[in-house]
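Asker: Sharing a structure with you now.
The values are calculated or read from the model by the stated rules, or taken from the named source; none is laboratory data. None of the values given here were measured: they were computed from a predicted structure. Glycine gets a Cβ as well: all are built from the backbone with ideal geometry, and neighbour counts include every protein chain shown. To get the accessible areas, we keep the full protein, side chains included, count just its heavy atoms, and leave off ligands, DNA and RNA. Shrake-Rupley method; radii C 1.70, N 1.55, O 1.52, S 1.80 Å.
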Amino acid sequence: MPASTPPASPPSFSTLTLRWYRLNRGGLRATAIGIISLLAFLLVWHLLTTYRVVFFVRFTNVPSPLAVYASFTKAIHDPKFLLHVLLSCRRIFFGFSLAAIVAVPLGLIMGRFKVVHEIIFPVAEVLRPIPAIAWVPMAIMLWPTNEQSIVYITFLGSFFPILVNTLHGMSLVDPVLVRAAQCLGARERSIFRDVYFPASLPHIFTGLTVGMGVAWVSLIAAEMISGQYGIGYFTWEAYSLVQYADIALGMIAIGVLGLGSSMLIRGAGQLVMPWRLK
Amino acid sequence: MSEVVVKAPQGHIEVKNFSLSYDSIEGPVEAVTDTQIHVKPGEFVSIVGPSGCGKSTLLNAVAGFLKPTTGIVTVDGEKVNGPSAERGMVFQQYSLFPWKTVRENVEFGLKMRGMPRSQRERAARTLLGLAGLEAFEKHYPEKLSGGMKQRVGIVRALATGPKVLLLDEPFGALDAQTRVIMQQILTNMWQRLKISVLFVTHDIDEAIFLSDRVYCMTARPGSIKAEIPIPLERPRQQSMMMSSEFLGLRRGLMSLIREESIKAMGGELNDMGMQGLNIELHGHSLADVI
């Protein structure tokens, strides 16, 4: 390690670069390793498919990364593909937003008022283990249009993770904070708004992140079974039409959309909870 | 600002024929029994006693969190019927709202009282300035040291101009040096505000250094064993803790508490166990003390 820079003269560009590098070494390292590992993944995929490896698993028909890239360049100019993506996003938006709008307040109220908890919790516990996919036939019966039943499935998928996490957050609120608020003259409503709600927010956001993941799982399953549009339908249709590159393209699109939506939620969480920033 | 900072001397706490018991499967368990205490307006009173003696229970009843089983708690003749901003409280656990900045924490009570934003901002700044915390007004509590958190906690409790300030071992979690500084700060604020203080601690030095009067409680079920006036003159300095007057008071309180502590642990200790502990017996035999 070199000795520290002399204090008198302003640090030169090279010392600043060096310092910046030293401070951010950990992050740079992680990024570099991340890029290398993604490239390695692509290379392995490329080799397995180019040489059509059969070793328990058969890569005979699996599309190569280049084939997928070719079908990607074609797809982004295809309005139909964009419509698939757009419709899936719209379903996620409605299904997930409805779930958040219902589950968060419900969880807060259940956490605060024992009677509501006692009434609703048993029903929720019975319905919760049913996977959203198992609701597909029932949803088709319940809702007049296909679109509504798919949104309903998405809603169900994200509803329970959000509810359960909100309840969990409410149960962990430090009672001393509630007492502190009471000693400062807070009434029921402000205790709810200024203590219980912000105290539960970190868990609510955990619920929203998990809920978003499950929303995508449920949406894709529902689209594969009963859709006419959507990225899940696109993927399944590609299989039926023997367009193998499109299968991988659909999968990657789902992955990217899922990643993007959870990043949105994380960003929202940082905006809403500035005190949690390091 | 003056309406926030300076308050007419009031805040007469009276606890009469007080007892409090919890329900358990074996029947009611008495935590505090047959207790009378009072705090005169502007007086600083401490309660000391062995752990588990019910001193916090008593304080929580004055705060309004617990209802007495028998007896009555009044402040200025009014019965205590639940927590209120008239009785500010500082807790042993850090109790700042993590999602509010230091200033927002101090403003909270004023906001509850419906004070307009600009006014309460100014009031909070003034109070934080008195406690030497104005530089930290925009910080979130997580970034503060333990001593600073408790200082903000005290400022927050005082911001609404309560009649009495209740403190439940507020410095228990702090290191010895910080604790001494905090005691000085609390004394200064108390003298400036002329507020009545009821202070619970198990630290005898702290109780003597801060108080006008000290109540010593018995082991569970707790009751008042002794009431000791502290005639040390004010303002008090750290150096007074070495004076013979202070040490005399300390020795007296020490032996009172030790008796109760030994009683409280009576089931757990025998003479063999006690020999390992270096207990000052002041010429008494161990058997006498127990």
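Asker: If B:D175 satisfies every condition in (1) away from every other protein chain (no Cβ under 13 Å); (2) surrounded by 18 or more Cβ atoms within 10 Å (Cβ to Cβ) but one, which is the exception?
Answerer: Of everything listed in (1) away from every other protein chain (no Cβ under 13 Å); (2) surrounded by 18 or more Cβ atoms within 10 Å (Cβ to Cβ), B:D175 misses just condition (2).
Asker: Would you confirm, using the coordinates I've provided, whether A:S64 is farther than 26 Å from A:M170 by Cα, free of Cβ contacts under 8 Å to residues at least 60 places away in the same chain and either outside the structural domain of A:P202 (by TED's automatic domain parsing) or open to solvent by less than 50 Å² (accessible area, probe 1.4 Å) (or both)? Don't jump to the end; show me each part of the working.
Answerer: Details: farther than 26 Å from A:M170 by Cα: yes; free of Cβ contacts under 8 Å to residues at least 60 places away in the same chain: yes; either outside the structural domain of A:P202 (by TED's automatic domain parsing) or open to solvent by less than 50 Å² (accessible area, probe 1.4 Å) (or both): yes.
Yes: the conditions hold for A:S64.
Asker: Let me ask something else. Looking at the range B:164-181, I want the residues that are under 26 Å from B:L58 (Cβ atoms) and have a partner that is of a type in the set (V, I, T) and in a loop (DSSP other than H, G, I, E, B) with Cβ atoms under 7 Å, at least 6 apart or on another chain. Which pairs are those?
Answerer: Sorted first by the residue in the range B:164-181, then by its partner, the pairs are B:V164/B:I195; B:L165/B:I195; B:E169/B:T201.
Asker: Restricting attention to the range B:232-252, which residues are farther than 17 Å from B:T187 by Cβ, in contact (Cβ under 8 Å) with a residue 12 or more places away in the chain and open to solvent by 40 Å² or more (accessible area, probe 1.4 Å)?
Answerer: In the first step, residues of the range B:232-252 are kept if they are farther than 17 Å from B:T187 by Cβ; the result is B:242, B:244-245, B:247-248, B:250-252.
From the residues that got through so far, the ones that are in contact (Cβ under 8 Å) with a residue 12 or more places away in the chain too are B:245, B:250-252.
Passing the criteria: B:E245, B:R250, B:R251.
Asker: Being out of contact with any Ser or Thr (no Cβ under 8 Å at 6 or more places or on another chain), more than 16 Å from B:M112 (Cβ to Cβ) and in contact (Cβ under 8 Å) with a residue 24 or more places away in the chain is the filter; apply it to the range B:145-163 and report the residue that is farthest from the other protein chains (Cβ to nearest Cβ). So that I can check it myself, show each step before the final result.
Answerer: Taking the range B:145-163 and keeping what is out of contact with any Ser or Thr (no Cβ under 8 Å at 6 or more places or on another chain), we get B:148-152, B:154-162.
Within this subset, residues satisfying the condition of being more than 16 Å from B:M112 (Cβ to Cβ) are B:148-152, B:154.
Remaining after also requiring in contact (Cβ under 8 Å) with a residue 24 or more places away in the chain: B:149-152, B:154.
Details: B:K149: 12, B:Q150: 12, B:R151: 15, B:V152: 11, B:I154: 12 Å.
For the range B:145-163, the residue satisfying everything is B:R151.
Asker: Oh, and also: Of all residues in the range B:97-119, how many are open to solvent by less than 40 Å² (accessible area, probe 1.4 Å) and facing chain A (nearest Cβ under 7 Å)?
Answerer: Keep residues of the range B:97-119 that are open to solvent by less than 40 Å² (accessible area, probe 1.4 Å), which gives B:97, B:99-103, B:105-110, B:115.
Pick out the ones that are also facing chain A (nearest Cβ under 7 Å) and you get B:97, B:99, B:108-109.
Qualifying residue count, the range B:97-119: 4.
Asker: Do we find that A:F94 is surrounded by fewer than 18 Cβ atoms within 10 Å (Cβ to Cβ) and either farther than 30 Å from A:H46 by Cα or in the same structural domain as A:L47 (by TED's automatic domain parsing) (or both) in this structure? Outline the logic, then answer.
Answerer: On the way: surrounded by fewer than 18 Cβ atoms within 10 Å (Cβ to Cβ): yes; either farther than 30 Å from A:H46 by Cα or in the same structural domain as A:L47 (by TED's automatic domain parsing) (or both): yes.
In short, yes.
Asker: Considering each residue of the range B:17-53, count those that are more than 19 Å from the chain's Cα centre (by Cα) and part of a loop (DSSP other than H, G, I, E, B), and give that number.
Answerer: 6
Per-residue answers, yes or no, for (1) open to solvent by less than 30 Å² (accessible area, probe 1.4 Å); (2) among the hydroxyl-bearing types (S, T, Y); (3) in contact with a strand residue (DSSP E or B) (Cβ under 7 Å, 6 or more places away or on another chain):
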site: B:R125; (1), (2), (3): no, no, no
site: B:A135; (1), (2), (3): no, no, no
site: B:P170; (1), (2), (3): yes, no, yes
site: B:C216; (1), (2), (3): yes, no, yes
site: B:A219; (1), (2), (3): yes, no, no
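Asker: OK, next. Residue under question is A:A181, and the condition is that it be open to solvent by less than 20 Å² (accessible area, probe 1.4 Å), within 30 Å of B:M112 (Cβ to Cβ) and touching a helix residue (DSSP H, G or I) at 6+ places or on another chain (Cβ under 6 Å); does it hold? Lay out the reasoning, then the answer.
Answerer: Values: open to solvent by less than 20 Å² (accessible area, probe 1.4 Å): yes; within 30 Å of B:M112 (Cβ to Cβ): yes; touching a helix residue (DSSP H, G or I) at 6+ places or on another chain (Cβ under 6 Å): yes.
Spelling it out, A:A181 is indeed open to solvent by less than 20 Å² (accessible area, probe 1.4 Å), within 30 Å of B:M112 (Cβ to Cβ) and touching a helix residue (DSSP H, G or I) at 6+ places or on another chain (Cβ under 6 Å).
Asker: Among (1) within 28 Å of A:G258 (Cα to Cα); (2) in a loop (DSSP other than H, G, I, E, B), there is one condition A:F205 misses while meeting the rest; what is its number?
Answerer: Tallying (1) within 28 Å of A:G258 (Cα to Cα); (2) in a loop (DSSP other than H, G, I, E, B), A:F205 fails exactly one: (2).
Asker: A further question follows. Quick one: which residue in A:L39, A:L83, A:L28 is open to solvent by 80 Å² or more (accessible area, probe 1.4 Å), aliphatic (A, V, I, L, M) and more than 30 Å from A:E188 (Cα to Cα)?
Answerer: On the way: A:L83 fails: open to solvent by 80 Å² or more (accessible area, probe 1.4 Å); A:L28 fails: open to solvent by 80 Å² or more (accessible area, probe 1.4 Å).
Checking each option against the conditions leaves just A:L39.
Asker: Continuing with this model, one more query. How many residues are in contact (Cβ under 8 Å) with a residue 12 or more places away in the chain and surrounded by fewer than 22 Cβ atoms within 10 Å (Cβ to Cβ) if we restrict to the range B:68-79?
Answerer: Initial filter on the range B:68-79 (in contact (Cβ under 8 Å) with a residue 12 or more places away in the chain): B:68-77.
Now narrow it down to the ones that are surrounded by fewer than 22 Cβ atoms within 10 Å (Cβ to Cβ): B:68-72, B:74, B:76-77.
Summing the residues that are in contact (Cβ under 8 Å) with a residue 12 or more places away in the chain and surrounded by fewer than 22 Cβ atoms within 10 Å (Cβ to Cβ) in the range B:68-79 gives 8.
Asker: Another question about this same structure. Can you tell me how many residues within the range A:133-158 are of a type in the set (V, I, T), within 12 Å of A:V217 (Cα to Cα) and open to solvent by 10 Å² or more (accessible area, probe 1.4 Å)?
Answerer: 1
Asker: Out of (1) within 17 Å of the chain's Cα centre (by Cα); (2) surrounded by fewer than 18 Cβ atoms within 10 Å (Cβ to Cβ), the odd one out for A:L208 is which?
Answerer: For A:L208, the failing item is (2).
Here's the yes/no breakdown for (1) among the basic types (K, R); (2) within 14 Å of chain B (Cβ to nearest Cβ); (3) open to solvent by 20 Å² or more (accessible area, probe 1.4 Å); (4) in contact with a Pro (Cβ under 6 Å, 6 or more places away or on another chain):
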residue: A:A186; (1), (2), (3), (4): no, yes, no, no
residue: A:L201; (1), (2), (3), (4): no, yes, no, no
residue: A:M212; (1), (2), (3), (4): no, no, no, no
residue: A:L241; (1), (2), (3), (4): no, no, yes, no
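Asker: Right, next: Residue by residue through the range A:159-176, note down the ones that are closer than 21 Å to B:E142 by Cα and crowded, with 23+ Cβ neighbours inside 10 Å.
Answerer: From the range A:159-176, those closer than 21 Å to B:E142 by Cα are A:169-170, A:172-176; that's our starting set.
Passing the criteria: only A:G169.
Asker: I'd like to check something: does the range A:144-152 contain any residue that is away from chain B (no Cβ under 14 Å) and in a loop (DSSP other than H, G, I, E, B)?
Answerer: Going residue by residue through the range A:144-152, those that are away from chain B (no Cβ under 14 Å) are A:144-152.
Still in the list and also in a loop (DSSP other than H, G, I, E, B): A:144-145.
So far as the range A:144-152 goes, yes, one or more of its residues are away from chain B (no Cβ under 14 Å) and in a loop (DSSP other than H, G, I, E, B).
Asker: Let me ask you something else. For the range A:134-155, enumerate the residues that are more than 24 Å from A:P202 (Cβ to Cβ) and within 15 Å of the chain's Cα centre (by Cα). Spell out how you get there, then give the answer.
Answerer: Step one: filter the range A:134-155 for residues more than 24 Å from A:P202 (Cβ to Cβ), giving A:134-154.
Scanning the range A:134-155 gives a single hit, A:T154.
Asker: Using beta carbons and a limit of 8 Å, which pairs, at least six apart or on different chains, have the first residue in the range B:121-142 and acidic (D, E) and the second one open to solvent by 70 Å² or more (accessible area, probe 1.4 Å) and assigned to a helix (DSSP H, G or I)?
Answerer: Close Cβ pairs (under 8 Å, with a partner that is open to solvent by 70 Å² or more (accessible area, probe 1.4 Å) and assigned to a helix (DSSP H, G or I)) amount to B:E134/B:R125; B:E137/B:R125.
Asker: What is the one condition in (1) open to solvent by 90 Å² or more (accessible area, probe 1.4 Å); (2) modelled with pLDDT under 95; (3) at negative phi that A:F56 does not satisfy?
Answerer: Every listed condition holds for A:F56 apart from (3).
Asker: For the range B:65-96, give me the residue count where each residue is part of a strand (DSSP E or B), more than 14 Å from A:L177 (Cα to Cα) and either more than 8 Å from chain A (Cβ to nearest Cβ) or of a type outside the set (D, E, K, R) (or both).
Answerer: Looking only at the range B:65-96, we keep the residues that are part of a strand (DSSP E or B), and these are B:70-75, B:78-79, B:87-90.
From the residues that got through so far, the ones that are more than 14 Å from A:L177 (Cα to Cα) too are B:70-75, B:78-79, B:87.
Checking which are either more than 8 Å from chain A (Cβ to nearest Cβ) or of a type outside the set (D, E, K, R) (or both) leaves us with B:70-75, B:78-79.
Qualifying residue count for the region: 8.
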